[in-house]
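See structure below.
The values are calculated or read from the model by the stated rules, or taken from the named source; none is laboratory data. From a predicted model like this one, the values you see are computed outputs, not experimental measurements. Because the Cβ atoms are built from the backbone with ideal geometry, glycine has one as well, and the counts that use them run over all protein chains shown.
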């Protein structure tokens, strides 16, 4: 081999090596969070090293093969959804925090690592598929369902607070799982036709709002009010109130839903209250408490005249399921015990109490 041939061969090898190096640099991109702010803000990222110059770019809402994102500060993301695919990596470390106002979707071989003292908050649903993994040794807050399919996994020794359901065999038992309870919600009669609704959000921002809905059957709801989280006139800013007025005798089911400004669901709760009589009539009153009946409840006939009452449970079609046997009986009060184990399936049932001169009905939800 002469000198000219050697130089040409060296040049070719150099060009091939340079091409591979450039391709590797293009395929592999690392982003480091720099300061508190928005995930989408270009000022919040460096693509060289954590203390390096700002690059003027951000990772975006879709992370694919070769992209690694390191979060060591507190960031809020409006990505909806945020997607991780291929072998993308999202690493929260050194106390890093990311709050996502949307859904999170992992697929392929994507990996999220949450180190101790770091946290990931998802104000939406989490979907994990393929061979994707979440290594949880810090904190995960999920305001929605977590769905794990195929060969994906969520494992670690961290803590997870979830307001929805966790489904899939890939959830490891080593994770400490607790439910999120975001709203204390109560309903009570203020007189014979008005219901006072009160709630206290345990975790809310000024951008959140609360949607109040009412139902007469526990299944079909319609909106009665929409209240902004920062629009309270109460002296106690944590306690919200709404009065539902001019109601007729019957059972009413109330549902409150907490959402943020992106219409992302955060929490919901159901409660029921009964208006059984006009306070001035003195008629016999039929009560079920609690209603919904979870897992058992007491049926009470109050202020009834001296008469023999028979009390039945009927399904939605009016078919008699069973007759209730009194557990306590006095001159003006009869009590029965109702247990969901006596029913084949959850649903809405009717309690009927009859005497020689009176007939009373009450809807009850068995759950």
Review point. Just to be sure, is residue 313 in a strand (DSSP E or B), closer than 25 Å to residue 193 by Cα and modelled with pLDDT of 75 or more?
Key: no
Practice item. Scan segment 69-87 residue by residue and report those that are within 17 Å of residue 131 (Cα to Cα) and touching a residue at least 40 places away in the same chain (Cβ under 8 Å). Key: 84
Revision key, fill the gap. Within segment 83-97, residues being part of a strand (DSSP E or B) and buried (at least 24 other Cβ atoms within 10 Å of the Cβ) number 3
Practice item. With the checklist (1) modelled with pLDDT of 95 or more; (2) in a loop (DSSP other than H, G, I, E, B) in hand, flag the one item residue 102 doesn't pass. Key: (1)
Check your understanding: Of all the residues that make up segment 211-225, how many are closer than 19 Å to residue 367 by Cα and in contact (Cβ under 8 Å) with a residue 12 or more places away in the chain?
Key -> 7
Exercise for review: Answer yes or no: is there a residue in segment 127-142 that is closer than 27 Å to residue 208 by Cα, in the same structural domain as residue 114 (by TED's automatic domain parsing) and assigned to a loop (DSSP other than H, G, I, E, B).
Suggested key: yes
Review point. From 77, 118, which residue is at pLDDT 95 or above and under 29 Å from residue 176 (Cβ atoms)?
Key: 118
